Structures are given as C-alpha cells and as structure tokens.
Amino acid sequence: MVLINAPLRQLNTVSPTRDSARVLVVGTRQYKLVHAVARLSPAATYQATSRGVAYAVYITQVPVLAFSTRHQIVDTPSVAARLVLSDSTGVLAQSATGIEFRGNYSQTFPKKSYELSLWADTLGATDQDLALLGMRNDNKWNLQAMYNDQLRLRLKVANALWQDIDQIYYKAQEPDAKNGIDMAYAEVFINDRYQGIYALTERIDKKQLKLKKYANNTIMGELYKGTTADVADEFASAPPFDNKSLNWGGFEYKEPSERTDWTNLHALVDFVATSPDSVFYAQYQSRFNLANAVDYFLFLNLMRATDNTSKNIYVAKYKPNEPYYYAPWDLDGVLGNDWMGANVDVTDDLLTNHFYDRLLNDYAAAGFREALVKRWASLRATVITEAHIKAQIEANSAYLLRNNVYEREHLAWPAYTYEAAQLDYPTSWLTARLMYLDGLFAPATMGTAGAPELETMHVFPNPASGSVSVVFKAGPCQFSIQDIRGRQVLQTTLIETYSTLDISMLAKGLYLTKIQSPTATVIKKLVVE
C-alpha cells in the first residue's frame, strides 16, 4: 500500500503526454498507474506498479503521523521514538517522543491507543511543547484508536458537543481554561506499517483547566480521575483513605502532584453520602457547581454514556473555597453504543449515581430540578437539536468517506468492515432518545416547584427482596423494571394507588424502576438483595 498526502492541485497538474500512463513520485520512487486517470481523488483506490511489484495507491487529505522506533512499544514505560507529523502542505512538526500504550480494557483490542510525551532530546530528559493540528501547545498527547466504534466518530462528536454545552464557570478569570478536549483525525504509521485512522487528542489536566498551582505548601487547585466504578466516585460512601496511595474508592489522585492528600475529596464524598437532607440541600451548591452538575447530567443522559457515571470522569476544583465540578473523559460508549462497541438500542432509561440520586430529590425553587428543566429547554433550542448533532455525525463521516479512510482501516485491521447502514443507527437512536428525554425533563414530569406530584410516587423498600410496594397519587399507572443493560424484566398496569408486586424472580443486583402516570414519570434505582 502507498499513501500519498499531497495537494490535489499539485497531483492533478500532469503533462498531457503522461495521462495514459500517469507516474506518481513518492520520495525517490516512482509508481506507474495501471489505468489512465483524468483526475486523482482521495475517494478512489488506484492500482500501480513499481519495480515489478503491484501496489494499491491512495490519496489522503488527512494529516499523517509517522513514528519510528527501535523498541517494542509496551504499556509502561514509554520507549523512545521519532515523530513526524505532515499534511498536504508538508512537514508540520517533528520531535523525539516517548510512546506507550494507554487505556485499560482497550489494550485487549488489536488496535492500540497510545500516550505520547514530546521530548527535546532523545533520552527524554527535557520536555518539548508543540501545538499540533491547531490544538494547544503541549508536550503530552493521546492517540485514540477508536477501535470500539464502527464509525470512528462517536468520540469526536461527543467531545465537541460537551464543549458546546458546558463552559467552565471561571472563564472570565481564566480565558484559556477549557472544560474538555479538542481532537483531530490523523492517519498513523509505526515503522512504516500502516495503523489506520486515529484521533490525536488533548488531555484533561491542570493546564487544560487552568487550576491554581500548589504554592507555599498549600493545596490550591485539585484534580481527581474516576478510574473504576467504586463507592467513592459513585458518591455512595466515603471509606478511610491512605495518603500514601494514589488510589481511593475508584478515584486516582492527579493534582497537586507535589502532595497527596485525600482529605478534601473525602469530605465532599462524605457530605454527599451521609449528610442529612436538611444539610445537603442547604449546602450542596456551595460545594459543587450547580450549572456544571446540571450540564453533565443532561449530557450524560443525552449521550447515554453508561461508562461515565462514576469512572471516566474527572472531579476538579479551581482553587480553595471554590466549588468542585465535573470534566468528562473517554466518551466512546455513546450514541447508542456501549463501551465494548456494541449497539445497545435502549433509549428510555436514566443514568445517575448517588450524587444525582440526591440532586433529583431537590424540588426547591432555584434547586437542581428547576435548573435541569430550564437548562434542557434552553439547550433544546440551541445545541441539543437533532439537526445540530446529526450534522456533526454526518460531517465527520463525510470527511472519512471522502478520504477513503474506512477502506484503509479494513486493510490494516481485516476484522473491521465498514457498514454504511451503521451511519443511520446513531441518528435514528438520537431521535428516540431525544423524544424520551423531552418527556422526562418536561416541567410537569420533573416535578419542579409548583408540580409536587412526583413526591407522592414511591417504590419501597429499597433495597428489596421478594417483593416491592408501589404508591402513587392516582391511577391507572404503568410500572416497569429494567436491568442495568436496559432489558425490561417486569411490566404491569397498576390500578390501585397502593400495590405490592412479586420480584422473587429477579436476580440480585441493580435495576431501574419506572412509574408513568398520565402527567408524570418517576425513574429510580432499585437494589434487589
């Protein structure tokens, strides 16, 4: 295979005497096309020969990122490599580089993701900052393989949409602060072997968020990453911590790097998990930024990011006496896909964690539910529209199709085959998802101030074993239970305002219950013991 990254105008400026046997020059080597071609296109595949060998020749307008290394790339530590980034205009950047695999489960995929560290020397003694493909000036970068997304675009669409939705609350004080990451497509080679299409991405860190730096032996900005679903990052409980460890309750300690101290985050989790309602609802807005909590809850459910309720998310604080806020990460299991890349056609469930369980019971004026309803209405008129999101999906897909990327992806990874029908799936899924959320986040449904009906709709006990009781204001009422995969395991119509249902057939675990009356819907978690 030969991949040529050059301006189309240059490639298509050919002497008329050469049209019947066009010759393409790559470096010092010539490739003669087998068939006459009037104009070359990135969307096509061409057959050529060079020195008696047959080649498939492709043209691309996607940037190319090439690495050369004498070492085997491993999980850790980084090994020395040379990076050259080019596009159709020529070489954009080159650097000595440390490269290693990144991710946890994603490392089991045949196509690996990478973490890059740019060096000013070949030993990595000094870092080198470079601005790559219009993104921030930095020495740390990620290369996302996107192997679990058949379309190779969900990650890019979701991260762009999050930045459309949420602006960091202290933007006026820190104009360069950004609560999200930018990314750009690149075709990757390692030691001249084609690896396929990747997303070169920025990182969530103190530089991106502009957190205040550790000073005078005092913790200023804070950053923690949810790495595994556990009790602390679910805000379910706050177990004891050990400041000698960089991990606690599902969180990984990130900043400040000069000192490990879990005290502040432990206090936040303990507050959410154990404070009485009177204390929680009076104080939570001073501890966690309400606007960000609302934005992330809406985004989480819009994308149905099932792997991002506790893990794959950052909790950050700008400086002391400021509220915490969320920053999302690893948004690949979205828009109808799970984190394994499988289509999961579930559109009628609600994703929460224990923090959001409590917030959803805030019916006060200027509380979480009222803010949620108002923000949803505002976003539905601007960026959370079918037209806007579908345009992002289609634009990314068109770019990859226009450059024949999917065909090369199959050459690099034979198990992968592009299916055009897959492009219709996230858009049709989105239509159904928006319809469900519109009903769920409507003022009457959400039970904002002046609409207290939901307060009289309950499922108990919780945890339950053998049976549950359902109470609601007026009948009839539709009641259903779904497992965590979105499969409906029980559905019935309730006439009486108080009913007891047999759930002895349900295995132990976490479920979602849904009560629907003509004017309201309640969705809550149910633990079966």
In the stretch 458-467, what residues are surrounded by 19 or more Cβ atoms within 10 Å (Cβ to Cβ) and out of contact with any Asp or Glu (no Cβ under 9 Å at 6 or more places or on another chain)?
-> Val459
Mind listing whichever residues of the stretch 239-276 are surrounded by fewer than 20 Cβ atoms within 10 Å (Cβ to Cβ), part of a helix (DSSP H, G or I) and in contact (Cβ under 8 Å) with a residue 40 or more places away in the chain?
-> Asn264, Ala273
Criterion (at pLDDT 95 or above, not hydroxyl-bearing (Ser, Thr, Tyr) and not assigned by TED's automatic domain parsing to the domain that holds Ala131) met by exactly one of Ala54, Ala6 = Ala54
Would you check if there is a residue in the stretch 338-350 being under 26 Å from Arg152 (Cβ atoms) and at pLDDT 95 or above?
-> no
Taking first residues from the stretch 106-129 that are free of Cβ contacts under 8 Å to residues at least 12 places away in the same chain and closer than 14 Å to Thr69 by Cα and second residues anywhere that are β-branched (Val, Ile, Thr) and assigned to a loop (DSSP other than H, G, I, E, B), the pairs with Cβ under 9 Å that are 6 or more apart or on different chains are none
Would you mind listing the helices (runs of 4 or more DSSP H) fully within the stretch 352-414 where at least 2 residues are among the polar types (S, T, N, Q), without any contact (Cβ under 8 Å) to a residue 40 or more places away in the chain and surrounded by fewer than 16 Cβ atoms within 10 Å (Cβ to Cβ)?
-> none
Got a sec? Which strands (runs of 3 or more DSSP E) wholly within the stretch 31-144 have at least 3 residues that are over 24 Å from Gly180 (Cα atoms) and over 27 Å from the mean Cα position of the chain (by Cα)?
-> 45-50, 53-59, 79-87, 90-102
Please enumerate the residues belonging to the stretch 158-213 that are among the hydroxyl-bearing types (Ser, Thr, Tyr) and closer than 25 Å to Asn148 by Cβ.
-> Tyr185, Tyr194, Tyr198, Thr201
Given Gln482, Gln491, which one is modelled with pLDDT of 85 or more, over 31 Å from the mean Cα position of the chain (by Cα) and either closer than 24 Å to Arg304 by Cα or part of a helix (DSSP H, G or I) (or both)?
-> Gln491
Residue set Glu222, Glu234; condition of a type in the set (D, E, K, R), more than 21 Å from the chain's Cα centre (by Cα), assigned by TED's automatic domain parsing to the domain that holds Val344 and buried (at least 19 other Cβ atoms within 10 Å of the Cβ); output residue Glu222
Quick check, is Val279 in a helix (DSSP H, G or I), in the same structural domain as Lys317 (by TED's automatic domain parsing) and surrounded by 22 or more Cβ atoms within 10 Å (Cβ to Cβ)?
-> no
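The values are calculated or read from the model by the stated rules, or taken from the named source; none is laboratory data. No experiment lies behind these values; they were computed from the predicted model shown. Here Cβ is always computed from backbone atoms with ideal geometry, including for glycine, and neighbour counts include all displayed protein chains.
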